[in-house]
Amino acid sequence: MKLWVGKKEKQINNAQSDLEYAVVADRLTKKFGKFIAVDHVSFKVKRGEVFGFLGPNGAGKSTTIRMLCGLLLPTEGTASVDGFDIAKQSDDVKAHIGYMSQRFSLYEDLTVEQNINFYGGIYGLDGKHFEERKRWAIEMAGLIGKETMLAQALSGGWRQRLALGCSILHEPPILFLDEPTGGVDPVSRRNFWDLIYDLSHRGVTVFVTTHYMDEAEHCNTIGLIYNGKLIATGSPTELKHNLDRYSIFEVHCTQPVDAMELLRGQTWTAETSIFGSAFHVSTFNEPDTQKKISQVLAKNKIQTERIEQIIPSLEDVFIHMIAEEDARKDGDIHL
Amino acid sequence: MNIIFHIIKKEFIQFRQDKKMFIVSFFAPVFQLLILGYAATFDVSKIPMAVCDFDNSPSSRTLIRNFTSTEYFRVVGYYDKTSEIDNQLDDGHASIAVVIPRGFEKKMGAGQSAPLQVIADGTETSSATIGLNYAFVIVSRYSQNIVLESLIKRGSVMMPARLSTEFRIWYNPDLKSRNFMVPGVLGLLLMVMTMILTSLAIVKEKELGTLEQLVVTPIKPYQLIIGKLAPFFVIGVIDVILVVFFASVVFSLPVKGGVLLLLGLSLIFLMTTLGLGLFISTISRTQQQAMMTAIFFFMMPMVFFSGFVFPIENMPTIIQYISYLIPLRYYFVIVRGLFLKGVGMSILWTQALALLIFGSVILSLSVMRFQKRLG
């Protein structure tokens, strides 16, 4: 089943085209007054990969995605999407991307089918091809038999998939998703990611922002953004290698807050961070750190239930990176 | 072109699905026209009058009959104490009171001046003034007749010379304020319908996030603007037709200057209201903000300074100058000219030109601002 029509000939004709990369950002910067929302961010997104933009709220994820989609003009720097310059050729950019935000921008007072008809019309689809795409979108969203339901009557997961369907009716080679799973139940989230993989396998480049670590694990490449700066990029495995210098232990004990405080005072401790009822300690790779931890805690009469070395999660990586970034920034200020 | 068509189609589907909007757009104008046509009137008639006739003579009764035989006064009661008259005025049962003192007829017979007291409730200034004027006319006519009668009775050969003025009122011969109000209502309605509804429709898409979604599609700003404004343009035209129809059927107020000319000039007026609607949408984040901005910053000043209620000539000079900035002012001259005077373009072209300039400026500024916001 050929659902995705490639637009290769166009790209070859385009002098700026870069067949390897779908999105290239070069020192992309956005300032709102004095506030720097995105600070000289550079990255490349390979064609057909799922690129996750990971960061806390307010880190600059949405601002970056909005610049790439032509919703905002960059203050400095450039970026190209599908070979088109986002500032100078935003109309071309818009024709080659799909965009879906957390708000699932559907017309609530229109039915499922009317929403699809409208967006299809806007993208200039018609005739048999449009009918095919419409059927595909309804099927993909699992809305067969619900075509005449008003969009406002749909539950979160359905709306999300219908919004996705509407935004890719025109088969864009690149899809931007801005926190697409916000406010959706876990099962729907899982289904949604299956759809994203499916698209990715068909050659669609997916650029997705999220603050869910588990979602980030699903991406081929991750960019960590913090305070407007891209602090690391790489595959989840590569990013975890950043922590090779450290060993990470999960500690279950009676007074985690006191214990963290104690451990932070040790020369061999790099970081501590709370994880549920337990906490993680990353230590410099020295022999017998596990023993040292239990000794420190025992000396201070803190009962340890369990200490085990763990494989670092992305969250560990992220916390580590942020701590490093903060430390560096403090250093800058003290200079 | 196709894209514009799809936006318009979507707007109409949404419009059809929203029963409230349908009622607001087509039922409310007619309703408002009828209400304002019947209720919003400055005409004074059947003023409730309390009478205190201490004289109770043929002369005093004739005088009272002179009052009641007109349609301007109706007697709510005859009283024999002035305190009761005070009560009537206090309660608001009577707006005017006539007190004829004892010896009224006797004094007149003796050729003396006979005093007469007329008390008016001044809380409603304009009604009171008008009522007092009527009373003054009735009383002076009465006294003139008495003078004449007595002269005739005495067999005077010389009739005193009398000036007679014939008043003729043009354009609205019955001086009905309804005829003044109804065309004005058209201007108000068009402004409310198009300006407020346009701004709400656009801001609603902002609130829902669909506007952002549209901006990432290859849609051009001008296509979006035309697509969003066109439906309200159509609603505006339908409203003009509705008002013209009801004005002529219900109030026997045809468009003397021609319906087509009215329609044509209304289209120019719609440029200003749609432009303002678009402008309001660019400065509002939520529908409430749009509504408040439209009502308090645009509607109210326009209604007061445009000559809808208060004549512009009576306003302080500065405000008269300000009123030149209000498109509604020109449109009122046009509708009243077309409805009442039956004048044509030869007279109205200055107003039309002013509206055209305003319309183009407002619309293009708003379009520019809207495009900048989107970019």
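Cβ-Cβ distances below 8 Å connect the following pairs, each with a first residue in the range B:81-96 that is assigned to a loop (DSSP other than H, G, I, E, B), a second residue that is open to solvent by 40 Å² or more (accessible area, probe 1.4 Å), and a separation of six or more residues or different chains: B:Gly92/B:Asp121; B:His93/B:Val76; B:Ala94/B:Val76; B:Ala94/B:Asp121; B:Ser95/B:Asp121; B:Ser95/B:Glu124; B:Ser95/B:Ser127.
Going residue by residue through the range B:3-15, is there one that turns out to be farther than 28 Å from B:Val244 by Cβ, in contact with a Gly (Cβ under 9 Å, 6 or more places away or on another chain), assigned by TED's automatic domain parsing to the domain that holds B:Ala128 and surrounded by 14 or more Cβ atoms within 10 Å (Cβ to Cβ)? Checked against the condition, which is being farther than 28 Å from B:Val244 by Cβ, in contact with a Gly (Cβ under 9 Å, 6 or more places away or on another chain), assigned by TED's automatic domain parsing to the domain that holds B:Ala128 and surrounded by 14 or more Cβ atoms within 10 Å (Cβ to Cβ), the range B:3-15 yields no hits at all.
Taken together, A:Tyr212, A:Tyr246, A:Tyr226 contain a single residue that is under 16 Å from A:Ile65 (Cα atoms), hydroxyl-bearing (Ser, Thr, Tyr) and open to solvent by 10 Å² or more (accessible area, probe 1.4 Å), which is A:Tyr226. The criterion of being open to solvent by less than 80 Å² (accessible area, probe 1.4 Å), under 29 Å from A:Leu224 (Cα atoms) and in a helix (DSSP H, G or I) holds for A:Phe318.
In the range A:44-160, which helices (runs of 4 or more DSSP H) lie fully inside it and hold 2 or more residues that are at pLDDT 90 or above and in contact with a helix residue (DSSP H, G or I) (Cβ under 7 Å, 6 or more places away or on another chain)? Don't jump to the end; show me each part of the working.
Details: elements: A:61-68, A:90-95, A:112-122, A:127-140.
Here the list reads A:112-122, A:127-140.
Of note, A:Glu217 satisfies the criterion of being open to solvent by 10 Å² or more (accessible area, probe 1.4 Å), over 20 Å from A:Tyr99 (Cα atoms) and in contact with a Pro (Cβ under 8 Å, 6 or more places away or on another chain). Out of all the residues in the range A:71-110, which are small (Gly, Ala, Ser) and either out of contact with any Lys or Arg (no Cβ under 8 Å at 6 or more places or on another chain) or at the interface with another protein chain (Cβ under 9 Å from one of its Cβ atoms) (or both)? Hits for the range A:71-110 are A:Ala79, A:Ser80, A:Gly83, A:Ala87, A:Ser90, A:Ala95, A:Gly98, A:Ser101, A:Ser105. Of all residues in the range B:220-234, those that are surrounded by 21 or more Cβ atoms within 10 Å (Cβ to Cβ) and either at pLDDT below 90 or within 12 Å of chain A (Cβ to nearest Cβ) (or both) total 2.
In the condition set (1) out of contact with any Ser or Thr (no Cβ under 8 Å at 6 or more places or on another chain); (2) more than 14 Å from chain A (Cβ to nearest Cβ), B:Met49 is compliant with all but (1).
Collect the residues in the range B:17-35 that are away from chain A (no Cβ under 14 Å) and aromatic (Phe, Trp, Tyr), keeping them in residue-number order. Give the derivation first.
We begin by selecting, within the range B:17-35, every residue away from chain A (no Cβ under 14 Å); these are B:23-35.
Once the filter is applied, which keeps residues that are away from chain A (no Cβ under 14 Å) and aromatic (Phe, Trp, Tyr), the range B:17-35 yields B:Phe26, B:Phe27, B:Phe31.
In the range B:50-69 there is no residue matching the filter, namely being under 34 Å from the mean Cα position of the chain (by Cα), at pLDDT below 85 and in a loop (DSSP other than H, G, I, E, B).
Selection over the range A:117-131 of residues that are over 32 Å from the mean Cα position of the chain (by Cα) and among the β-branched types (Val, Ile, Thr) gives a count of 0.
In the range A:259-306, which residues are of a type in the set (A, V, I, L, M, F, W, C) and either out of contact with any strand residue (DSSP E or B) (no Cβ under 9 Å at 6 or more places or on another chain) or open to solvent by 30 Å² or more (accessible area, probe 1.4 Å) (or both)?
Looking only at the range A:259-306, we keep the residues that are of a type in the set (A, V, I, L, M, F, W, C), and these are A:259-260, A:262-263, A:268, A:270, A:274-275, A:278-279, A:281, A:284, A:293, A:296-298, A:302.
Across the range A:259-306, the qualifying residues are A:Leu262, A:Ala270, A:Ile274, A:Phe275, A:Phe284, A:Val296, A:Ala298.
Here is a yes/no grid of residues against (1) more than 34 Å from the chain's Cα centre (by Cα); (2) of a type in the set (Gly, Ala, Ser):
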site	(1), (2)
A:His252	no, no
A:Thr272	no, no
A:Ile302	yes, no
A:His320	no, no
A:Ala323	no, yes
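Considering the range A:170-194, and only residues there that are acidic (Asp, Glu) and crowded, with 19+ Cβ neighbours inside 10 Å, the residue that is farthest from A:Lys128 (Cα to Cα) turns out to be A:Glu179. With respect to the conditions (1) within 14 Å of chain A (Cβ to nearest Cβ); (2) modelled with pLDDT of 90 or more; (3) crowded, with 20+ Cβ neighbours inside 10 Å, B:Ser199 falls short on a single one, namely (1).
Here is a list: B:Val255, B:Val249, B:Val215. Which entry is of a type in the set (A, V, I, L, M, F, W, C), in the same structural domain as B:Thr286 (by TED's automatic domain parsing), free of Cβ contacts under 8 Å to residues at least 40 places away in the same chain and open to solvent by 10 Å² or more (accessible area, probe 1.4 Å)?
Details: B:Val255 fails: free of Cβ contacts under 8 Å to residues at least 40 places away in the same chain; B:Val215 fails: free of Cβ contacts under 8 Å to residues at least 40 places away in the same chain.
Among B:Val255, B:Val249, B:Val215, only B:Val249 is of a type in the set (A, V, I, L, M, F, W, C), in the same structural domain as B:Thr286 (by TED's automatic domain parsing), free of Cβ contacts under 8 Å to residues at least 40 places away in the same chain and open to solvent by 10 Å² or more (accessible area, probe 1.4 Å).
Evaluated against (1) surrounded by fewer than 22 Cβ atoms within 10 Å (Cβ to Cβ); (2) under 22 Å from the mean Cα position of the chain (by Cα); (3) under 16 Å from A:Ile168 (Cα atoms), A:Gly98 falls short on exactly one condition, (1).
Would you confirm, using the coordinates I've provided, whether A:Gly52 is surrounded by 24 or more Cβ atoms within 10 Å (Cβ to Cβ) and more than 14 Å from chain B (Cβ to nearest Cβ)? Quick ask: steps written out before the conclusion?
On the way: surrounded by 24 or more Cβ atoms within 10 Å (Cβ to Cβ): yes; more than 14 Å from chain B (Cβ to nearest Cβ): yes.
Taking the combined requirement at face value, the residue satisfies it.
The values are calculated or read from the model by the stated rules, or taken from the named source; none is laboratory data. Note that the coordinates shown come from a computational prediction; the quantities given were computed from them, not determined experimentally. Positions of Cβ are backbone-derived with ideal geometry, glycine not excepted, and every protein chain shown enters the neighbour counts. What goes into the accessible areas is simple: the full protein's heavy atoms, side chains included, and nothing from ligands, DNA or RNA. Shrake-Rupley method; radii C 1.70, N 1.55, O 1.52, S 1.80 Å.
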